[in-house]
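Heads up: the structure comes next, in structure tokens.
Every read-out reported here was derived from the displayed coordinates using simple, explicitly stated rules and does not represent laboratory data. Given the structure is predicted, the values throughout are model-derived calculations rather than measurements. Backbone-built Cβ (ideal geometry, glycine too); neighbour counts: all protein chains shown.
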Amino acid sequence: MTTASMTMDEQSELLASVENLTERVLGDKHESLCGREFSREAWQLLGGELGLLAVALPEAIGGMGGSHHAHAILMEAFGRHLVAQPYLSSVVAASQLLDAAKPEHTSLLSFAGQGEAIIVPALSDGPGDYEMSGKALIAAVDGDGFVLNGAKALVRDAALADQFVVLAQAQGEGGVEHVLLLVPAGAAGLAREDFGLIDQATASHLRFDSVHVGSSALIASGAEAVHRACSAVNAAVVGVCAEAVGVMKAMHAQTVEFARQRVQFGRPIAEFQVLQHRMVDMLVAIEQAASITRLARNKLAGADAALAASACMALVAKACRSVAQDAVQIHGAIGIANETPISRYFRRGLAIEMQFGGRNYHLLRYLQETALRRVPAVPGSA
Amino acid sequence: MLELDLVLEPEEAAFQARVRRFLAEKFTPELRREAELQTGVFAHGELAAKWHRILYEAGWIAPGWPEEYGGAGFSATQQYIFDQECTRAGTPDLPVAGIRLCGPVLIEFGTPDQKDRFLPRILSGEHVWCQGYSEPQAGSDLAALECRAVRDGDDYVVTGQKLWTTHAQFADWIFVLVRTSREGPRQAGISFLLVPMDAPGITVRPIISMSGEHEVNEVFFDAVRVPVENLVGEENQGWKVAKFLLVNERGSGSAAAYLRNALGMLDKIVEPQGPFATNAFDPAFARRRAEIEIEIAALEQSEHSLLEAMRQGGRGADDTLASIHKLHVSSLMQAITELEVDAIGEYAQIYQGEVLFGGREPSPHVPRRALTPVAHYLNMRAISIFGGSSEIQRNILTRTALGL
């Protein structure tokens, strides 16, 4: 009995090797990678020399074929070590967006897997545009290419991008349709305004002022474009949930360790039952988050991807909030100081909660997806 | 609904089909109607006896026992499939004292004579068992137990009291933790004894729970003579036996299916054409229900991951996961029963104890679906108390998982 197409043995063998590699790399390179702002040298090290970024990608482009399962393992490790890297954008989401059948796409993706190129999706128009309307960015047909006018708001990692993948609206033959386009970050007419984020990453407001792209920029149009965009978002939601699991595990371990060391009233505060139970509740929440993330990653390739991704985020965001709050509470005043590691994990946790629309939105989407699946009651089935 | 995609091996799928055929044939609509009225933690009386008999005749009454002792000899996966299919079908929750608790203890610690004497009768249902653990001064602090057994020739003489004894009123036998020594640590003076309920000196007094149901009892022992051959394991080694049993009591392979079934009952209460349909469209209710459904899916994945670990040679009973699962199951079950009560609104005020447990005809002025929710809610307050309260589970996890 298995839950995935890969056999259990193959899967666990590959995943175990990914896990080992990740831990070794992050252990060795901790100084340059963890808890710091993005560095391109570190990113290239992860991708090139250490070969970590491509483990989830197809073997044909130099990866290990680990798929969503390997993404999840990497993301969890990145979370545990607080690695600020654009893996989610450049590899997890990009591998869903680009077309494996097109040579220029596969080579771009393989560059992304080597850390040589950073691909950043700008799919929704910005905060609140969960339906990915594409309304704010209009692509007019221009010869055999397109001219882009409009904006994309709050695009995470945009400042690092070599290439954007944008979802825009175009006037097609059958009316308005979506198009998915590759846009070089240095394209003429593309302006960027950057914001610092609470988790040390950056996001940008992108303005497109008659940005020209050629016909080869077109990845997909119509339903196919929307399908790819949805797959990318679902994969990214589950990926970031895996990161949250790592963030929570690290916070929990640091909190237990702190409670062992911290002496008040003449004994380590870890001896107080009220704190012990609180730390157990953190653990119980983390177990639940890890389980739903595992379930969701198994669902990403199937028809229930959106249902599972939203279920996952609804539960993980709730766990992430309570675990982070408990971690800071048990640390006491030192927990709110900027320099304490726990506060950096706390802020990353908060960003994860909100990155793809927050818990309420995902619970609502779960309900909508459930309603779509509801079969009319068959008499006698009750 | 979010469920695991189980990819079954051909022989597993064949097994599942066999279980489904069996249930379709044997779990009749009449049995289903009776099972739906079950509000306690376990089915009892006629219903329990009938379903026990049916499973016994099929050779499936003890899925977890090895075949040499008359168990079904299922693999871990088969057991999981079997549990899941039964629970999905809504079969009665059979009492656990004999098959799930005492049987495995005898298989692990019993003498050949004890096995021969008791195991076949647990299987057949000839012996109904109950569990003598808690006492007035030994609840969560089980090792404080004082019911004592004093050796006198070839007998122990047992004197003391047990409390919260589920189904003592139906039981032929009780397994009891008794104090056989006061030397050394409290845990080192406890023994595990098997006592016939018809032994002179035993008195059972019912305790009616707040739902009006008679599930639990007080059991008094007044110089009850028990032959030493009824000692399980060695004298003063009973704590080891007791803990082995408690891990079995906590762990169940398919708690997710059990909870989904309860969620299914909730859905019937708020069914679209029924009197409580407005709730189904209330956003607050729908969100709360969705949160529960998602948490059940997480639990199902966790159970399945444990099963996979077992298949790959890992240990079955994992103390840490058993405690984590018990915390999840308790809080989810209680959350479901709260929604049941919320769903029927003002009808929740009506006392249904006499209808459910006293044989009184239901009133035509009360919707049928309003009959069980309150009793279910009241009885399920116990789920976070028995088998080690949620606070005790947190104490265990402090030790096993936090390493403190």
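Observations on the model:
- Between 0 and 90°, nearest 10: helix B:76-89 axis offset from chain B longest Cα axis: 50
- Remark: relative contact order (chain B) = 15 percent; criterion is Cα-Cα distance under 8 angstrom and separation of 6 or more residues.
- Computed from Cα positions, the angle between helix B:112-124 and the longest principal axis of chain B comes to roughly 30 degrees.
- Annotation: peptides A:46-53, A:281-288, ranked by per-residue average of other Cβ atoms within 10 Å with the highest first, follow the order A:281-288, A:46-53.
- For the peptide A:268-281, the mean number of other protein chain Cβ atoms found within 10 angstrom of a residue's Cβ is 4.
- Other protein chain C-beta atoms within 10 Å of residue C-beta, averaged over A:314-324: 1.
- Helix axis angle, B:390-400 relative to chain B longest principal axis, alpha carbon, degrees: 70
- Rounded, prolate or oblate (a/c below 1.5 giving rounded, otherwise prolate when a/b exceeds b/c) for the stretch B:44-118 by Cα gyration tensor: oblate
- Partner chain coverage, peptide A:297-309 - average Cβ within 10 angstrom: 2
- Relative contact order (%) - criterion: Cα under 8 Å, at least six apart; region: the stretch B:99-166: 26
- Helical segments meeting 20 Å axial Cα length and Kyte-Doolittle 0.5 threshold in chain A (DSSP H): A:223-261, A:305-331
- Cα shape, chain A, gyration tensor, a/c 1.5 rule: prolate
- Anisotropy class assigned to the protein assembly as shown is prolate, per the alpha carbon gyration tensor with a/c at or over the 1.5 cut-off and a/b larger than b/c.
- Fewest-first ordering of B:W239, B:W60, B:W129 by other beta carbons within 10 Å of each residue's beta carbon gives B:W60, B:W239, B:W129.
- Charge tally for B:H127 (other residues, Cβ to Cβ under 15 Å; Lys, Arg +1; Asp, Glu -1): +1.
- Most tightly packed first, judged by the mean number of other beta-carbon atoms within 10 Å of their residues, the peptides A:265-276, B:130-141, A:74-85 read A:74-85, B:130-141, A:265-276.
- When +1 charges are put on Lys and Arg Cβ atoms and -1 charges on Asp and Glu Cβ atoms, the dipole computed for chain B relative to its Cα centre reaches about 320 debye.
- Ranked by how many other beta carbons lie within 10 Å on average, peptides A:111-123, B:197-209, B:328-340 from highest: A:111-123, B:328-340, B:197-209
- Note: relative contact order over the stretch B:305-404, using C-alpha pairs below 8 Å and six or more positions apart, is 39 percent.
- Projecting label points 7 angstrom from Cα along Cα→Cβ for A:A333 and B:T111 puts them 6.7 nm apart.
- Cβ-based net charge around B:R289, under 14 Å, with every Lys or Arg adding one and every Asp or Glu removing one: -4
- For the stretch A:121-167, a crude dipole built from +1 on the beta carbon of Lys and Arg and -1 on the beta carbon of Asp and Glu, taken about the Cα centre, is about 140 debye to the nearest 20.
- Rounded to the nearest 20 debye, dipole of the stretch B:258-391 from Cβ charges on Lys, Arg, Asp, Glu: 200
- Within the shell defined by Cβ-Cβ distances under 11 Å, the residues around A:L283 carry a net charge of 0, with Lys and Arg each +1 and Asp and Glu each -1.
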